[in-house]
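*Asks:* I am attaching a structure below and will ask some questions about it afterwards.
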Amino acid sequence: MRRDRGRQLDDVGPAQGTLGKETPALCWRRKIFPSRRDVGWLVISASLVGQYQQDYDELYPSAHWGIYLVLVQPYTRNFEMWRCPSFSGVYTVRACFWLNNASGCDQVRVQPPPLGRVLTGWVANSDVFGGWDNWPPKSLVRVQEPAGTVILAENDNWPPREGAINDPPNNFPWTGQMALTPCRIAAHATYHSRWNVQPSRGAGGRLGPHHMEGLNLIFADGHAKWQKVFPEDCHAWVPSMPAGVRKVTDPTTLGCNPMNTTGTGNSPTGQWCGNN
């Protein structure tokens, strides 16, 4: 149930935000440090999730068809916070979350933003947020190690990247990933091979090393940092998986779940990942 809306965070900069002292340079331009405003957007992105949770009974915003990109909108002025100036793609957000996943909802755009299109350099961890395959949003109380659990990471995106924002109105452009679920497909939490950066598990990776062959990550406790290599232990992506059991980079790891299988929807893997 929704409680009183929190204040907007549209003008919060790193000196004002609670995370400002800990936040590293996030969207590096030409491999140099960003402006104060660039770092401020990261502070806002991390804070918006927390603001949403305060108003919605400690639930994360659903990742279903990218709706989290819109659900946090009441707390900020525009969608610019999702864009990384170095590398961003376009994702067309659908209304399935609000239409109870009704047949054909994937053809219904959410507006605003115009035509449902969001420029994003980020991918949400659906195994923390919930919402993949319309499973319910998940509670923050599931996360036992907030400082080591990834909630957002820089995404894989591809040409024409931001240029797709100008596609014809009838198109549903998709040139950047917006969510991943290592629980169902472990390779999601690795770099896509198009970046020519290791470790990679081929075309299944949904992460992008945007900055100096590394990426920025936001964790469940709100802190953010740049890492050369993403967290490899499944536990960093799937809170219900014990540490030290599987690695997303191990080619024998199919999914970060006890069965070590892949599957979506109501498959055994999909059910475990949705419920845990």
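The values are calculated or read from the model by the stated rules, or taken from the named source; none is laboratory data. Because the structure is predicted, anything quoted here is derived from the model rather than measured. Backbone-built Cβ (ideal geometry, glycine too); neighbour counts: all protein chains shown.
*Asks:* Among the residues of the range 237-248, is there at least one that is among the aromatic types (Phe, Trp, Tyr), under 14 Å from residue 185 (Cβ atoms) and in a loop (DSSP other than H, G, I, E, B)?
*Replies:* So far as the range 237-248 goes, yes, one or more of its residues are among the aromatic types (Phe, Trp, Tyr), under 14 Å from residue 185 (Cβ atoms) and in a loop (DSSP other than H, G, I, E, B).
*Asks:* Can you tell me which residue among 180, 215, 207 is modelled with pLDDT under 95 and under 16 Å from residue 124 (Cβ atoms)?
*Replies:* So the residue among 180, 215, 207 that is modelled with pLDDT under 95 and under 16 Å from residue 124 (Cβ atoms) is 215.
*Asks:* With modelled with pLDDT of 50 or more and not in a helix (DSSP H, G or I) as the only criterion, which of 24, 85 stands out?
*Replies:* Only one candidate qualifies: 85.
*Asks:* Under the condition of being within 15 Å of the chain's Cα centre (by Cα) and more than 24 Å from residue 211 (Cα to Cα), which residue from the range 74-98 is surrounded by the most Cβ atoms within 10 Å (Cβ to Cβ)?
*Replies:* It comes out as 93.
*Asks:* Scanning the range 96-118 for residues that are touching an Asp or Glu at 6+ places or on another chain (Cβ under 9 Å) and hydrophobic (A, V, I, L, M, F, W, C), which turns out farthest from residue 68 (Cα to Cα)?
*Replies:* So, considering only residues that are touching an Asp or Glu at 6+ places or on another chain (Cβ under 9 Å) and hydrophobic (A, V, I, L, M, F, W, C), the one farthest from residue 68 (Cα to Cα) is 115.
*Asks:* Might you check whether a residue that is touching a Phe, Trp or Tyr at 6+ places or on another chain (Cβ under 6 Å), modelled with pLDDT of 85 or more and not acidic (Asp, Glu) occurs anywhere in the range 93-104?
*Replies:* Yes, that holds for at least one residue.
*Asks:* Would you mind listing the strands (runs of 3 or more DSSP E) fully within the range 115-211 where at least 3 residues are under 15 Å from the mean Cα position of the chain (by Cα) and on the phi > 0 side of the Ramachandran plot?
*Replies:* Hits in the range 115-211: none.
*Asks:* Okay, moving on. Check off (1) free of Cβ contacts under 8 Å to residues at least 40 places away in the same chain; (2) out of contact with any Cys (no Cβ under 9 Å at 6 or more places or on another chain) for residue 131 and give me the number that stays unchecked.
*Replies:* For residue 131, the exception is condition (1).
*Asks:* For the range 135-155, what are the residues that are at pLDDT 95 or above and polar (S, T, N, Q)?
*Replies:* Those that are at pLDDT 95 or above and polar (S, T, N, Q): 139, 149, 155.
*Asks:* Additional query: Filtering the range 214-232 down to residues that are touching a Phe, Trp or Tyr at 6+ places or on another chain (Cβ under 8 Å) and assigned to a loop (DSSP other than H, G, I, E, B), which residue is surrounded by the most Cβ atoms within 10 Å (Cβ to Cβ)?
*Replies:* Step by step, filter the range 214-232, then rank; the result is 230.
*Asks:* While we're looking at this one, here's another question. Could you list, in sequence order, the residues of the range 136-194 that are under 19 Å from residue 234 (Cβ atoms), among the hydrophobic types (A, V, I, L, M, F, W, C) and touching a Lys or Arg at 6+ places or on another chain (Cβ under 6 Å)?
*Replies:* Across the range 136-194, the qualifying residues are 180, 187.
*Asks:* Could you tell me which residue of the range 177-213 is surrounded by the most Cβ atoms within 10 Å (Cβ to Cβ), considering only residues that are out of contact with any Ser or Thr (no Cβ under 6 Å at 6 or more places or on another chain) and of a type in the set (Lys, Arg)?
*Replies:* 206
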